[in-house]
Amino acid sequence: MLEILKINTGDDIPYAGTSLQGYITTSYDKLVEAFGQPDLERGDKTTCEWHIEFVVYDEDEGEFPMYATVYDWKVDETPYGEYRWHVGGHSPDAEDLVHQAMDNMRLSDKVVA
């Protein structure tokens, strides 16, 4: 399993060539909490999109970047409630990393100092 060391987002993340790898059902607000404001708004077939770089560690391969996108698809308005968001990437690991990041965020919200 890949361990997330760092998460970067922004327009400068190289997301070209990503394709659908899976889905995550969550709300817009939870995505903003995890990844910040969307990087792309109102595209051709999307109303918002996040570009994400995960710096990950693998026991065999060491540290390296992996890229993912989270986006809506062919909807008229940005979905703000629970929605089945599309997850793009270069491999199925992209979907796993998005889920892992969201799960880690939920766990950290439950930590009481």
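Taken together, the values in this text are just the output of simple stated rules run on the coordinates, not laboratory data. The shown structure was predicted, so the numbers you read here are calculated from the model rather than taken from an experiment. All Cβ positions, glycine included, derive from the backbone under ideal geometry; neighbour counts span all protein chains shown.
Here are the numbers:
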quantity: FRET efficiency, D76 to A16 (Cβ-Cβ, R0 35 Å, nearest 0.05); calculated: 0.85
quantity: Projected label distance in nm at Y57 and N104, using a 7 Å step from Cα toward the beta-carbon; calculated: 1.1
quantity: Dimensions (Å) - the chain, Cα atoms, principal axes, largest first; calculated: 43, 39, 22
quantity: Set of aspartates and glutamates with alpha-carbon distance to K30 below 13 Å, sequence-local pairs under 8 removed; calculated: E82, D103, D109
quantity: Interchain or long-range residues, amide H under 5 Å from T26's placed H; calculated: Y83, W85
quantity: E95, E61 arranged by Cβ crowding within 10 Å, fewest neighbours leading; calculated: E61, E95
quantity: Karplus 3J(HN,Hα) series, Hz, for the stretch 81-93 with 6.51 cos²θ - 1.76 cosθ + 1.60 (x for Gly, Pro); calculated: x, 4, 8, 8, 6, 7, 10, x, x, 9, 7, x, 4
quantity: Ranking of I24, I4 by count of other Cβ atoms within 10 Å, fewest first; calculated: I4, I24
quantity: Order by protection proxy (mean Cβ within 10 Å, highest first), peptides 70-80, 30-40; calculated: 30-40, 70-80
quantity: Computed lengthening from E3 to L40, 0.36 nm per intervening residue step minus Cα-Cα distance; calculated: 10.6 nm
quantity: Under 12 Å, Cβ to Cβ, from V55 - net charge with Lys/Arg +1 and Asp/Glu -1; calculated: -3
